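Structure first, commentary second.
The values are calculated or read from the model by the stated rules, or taken from the named source; none is laboratory data. All values reported here derive from a predicted model rather than from experimental measurement. All Cβ positions, even for glycine, are placed from backbone atoms using ideal geometry, and neighbour counts span all protein chains on display. What goes into the accessible areas is simple: the full protein's heavy atoms, side chains included, and nothing from ligands, DNA or RNA. Shrake-Rupley method; radii C 1.70, N 1.55, O 1.52, S 1.80 Å.
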Amino acid sequence: QVQLAESGGGSVQAGGSLRLSCAASGSIFRFNVMGWYRQAPGKQRELVARITSGGVTNYADSVKGRFTISRDNAKNTVRVQMNSLKPEDTAVYYCMWSNGLGTEYWGQGTQVTVSS
């Protein structure tokens, strides 16, 4: 089992910045993928950004150039720095941990609201 504790989020005006953090604990495999997904009202959950334990990243096209994901393997934490936020970034953001073999765990979600 892996437990995920999220922090950050909140409300900001368009053009502002927020940072989300997530700490994983429990049975952590050496190789894993951590990332952030989001779900806006009435929409499906979608990838925001993810990063492997080896540092390989991928981002949704909608956030490239604005969001930066990073991790600290020693602390089993992942962060996403979100800059130039837009109203369409408003959603519940979920931290995800995967062993890369189909097992996934999710955080409880944190609200990000961007006002115009």
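Is it the case that Ser62 is in contact with a Pro (Cβ under 9 Å, 6 or more places away or on another chain), small (Gly, Ala, Ser) and under 17 Å from Leu18 (Cα atoms)?
When the stated conditions are applied, Ser62 does not pass them.
Report the residue count in the range 72-97 for those that are modelled with pLDDT of 95 or more and open to solvent by less than 50 Å² (accessible area, probe 1.4 Å).
Matching residues across the range 72-97 total 14.
Considering only residues that are aliphatic (A, V, I, L, M), over 24 Å from Ser25 (Cβ atoms) and touching a Lys or Arg at 6+ places or on another chain (Cβ under 7 Å), which ones fall in the range 83-116?
Ala91, Val114
Name the single residue, out of those in the range 11-22 being under 12 Å from Val80 (Cα atoms) and assigned to a strand (DSSP E or B), that is most open to solvent (accessible area, probe 1.4 Å).
Selected residue: Arg19.
If you scan the range 28-53, which residues turn out to be open to solvent by less than 70 Å² (accessible area, probe 1.4 Å) and assigned to a loop (DSSP other than H, G, I, E, B)?
Ile28, Asn32, Ala40, Ser53 - these are the residues of the range 28-53 that are open to solvent by less than 70 Å² (accessible area, probe 1.4 Å) and assigned to a loop (DSSP other than H, G, I, E, B).
In the range 98-108, what residues are open to solvent by 20 Å² or more (accessible area, probe 1.4 Å) and closer than 16 Å to Leu4 by Cα?
Matches in the range 98-108: Thr103, Glu104, Tyr105, Trp106, Gln108.
For the range 54-71, which residues satisfy the criterion of being among the aliphatic types (A, V, I, L, M) and surrounded by 11 or more Cβ atoms within 10 Å (Cβ to Cβ)?
Selection gives Ala60, Val63, Ile69.
For residues that are within 17 Å of the chain's Cα centre (by Cα) and not charged (D, E, K, R), tally how many sit in the range 21-45.
14
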